[in-house]
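Okay, structure first, notes after.
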Amino acid sequence: MRLILLGAPGAGKGTVAKMLTAIDGSVQISTGDILRAAVKEGSELGKKAESYMKAGELVPDELIMDIMGERLLEDDCKAGFLLDGFPRTIPQAEALKELLAKLGIELQAAVNLNVPREVILDRLTTRRTCEDCGAIYNVKSNPPKVEGVCDKCGGKVVQRADETEEAISKRLDVFNEQTAPLVGFYEKEGLLLDVNATSSDAVVEAIRKHVGV
Ligand code: AP5
């Protein structure tokens, strides 16, 4: 599959991407995960990105395009890719279009995951993430078997640094201002697949039907 997963923070992009990778070996590329790993490592990229992320703001487009320009050239992308959290601004979408045209790669769809705001707020305040392998949990809908311990790797399951009430509210505002316009962008490109994302299983089914896998 060659898909973009669009949707507000907490819409379930990461959850759906992980379900889709198991279907045909497509790789999940999450700019959020790449940036969090860089912050944890203390790399140059991490140092540049950390303050934006903590405040719930977007990291500058140039940094993101440097990361993605390299990432999409890696071998594992040949089996397909699920772009999770990228693109997030119109300039990123335009740069991606140019990059894919150069590489001769065609997208199959930009999937817009629609979830009501009250559900999003509830999901974000109850999400927990493994700090080692990135597995996603939810204290209400999908808790780890042992509290605070990842079922998959035994790592520590924690709340993300951008999950304060203030940062969540900022991320939702930033989404509405800078990322929501991408829905119109991909509609014009003839790539939009709009789905109700209250159920992740239903999203996966809609995508499978759309791309024929
Ligand atoms: P990023 O990591 O991309 O965060 P996000 O877009 O805010 O998305 P989330 O990871 O919060 O949510 P999700 O949609 O993946 O939901 P999830 O599946 O976890 O970005 C973080 C930061 O990095 C940004 O703020 C920015 O600073 C920077 N950044 C990243 N990319 C960038 C870019 N391209 N440009 C500039 N800056 C960038 O699900 C949420 C919760 O709900 C979980 O607990 C899950 O278990 C639960 N859940 C999911 N689906 C369901 C369901 N169907 N039913 C019940 N519970 C569910």
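The values are calculated or read from the model by the stated rules, or taken from the named source; none is laboratory data. Computed from a predicted model, the values in this text were never measured in an experiment. Here the Cβ is made from the backbone with ideal geometry for all residues, glycine too, and neighbour counts use every protein chain on show. The protein model used for the area step is the full one, side chains on, heavy atoms only, and it has no ligands, DNA or RNA in it. Shrake-Rupley method; radii C 1.70, N 1.55, O 1.52, S 1.80 Å.
What to note about this one:
- Failed item in (1) closer than 21 Å to LEU193 by Cα; (2) within 9 Å of the ligand (Cβ to nearest atom), with ALA49 passing the rest: (1)
- Residue that is open to solvent by less than 70 Å² (accessible area, probe 1.4 Å) and either within 20 Å of LYS170 (Cα to Cα) or within 12 Å of the ligand (Cβ to nearest atom) (or both), where the choices are GLY14, GLY69: GLY14
- For the range 170-193, the set of residues classified as surrounded by 16 or more Cβ atoms within 10 Å (Cβ to Cβ) and under 18 Å from ARG2 (Cβ atoms) consists of LEU182, PHE185, TYR186, LEU191, LEU192, LEU193, listed by residue number.
- Flag for LEU73 being without any contact (Cβ under 8 Å) to a residue 40 or more places away in the chain and in contact with a Lys or Arg (Cβ under 8 Å, 6 or more places away or on another chain): no
- Among the residues making up the range 74-94, those that are open to solvent by 30 Å² or more (accessible area, probe 1.4 Å), farther than 14 Å from GLN28 by Cα and more than 9 Å from the ligand (Cβ to nearest atom) are ILE90, PRO91, GLU94.
- Count of residues meeting criterion [touching a residue at least 24 places away in the same chain (Cβ under 8 Å) and within 15 Å of the ligand (Cβ to nearest atom)] in the range 136-158: 3
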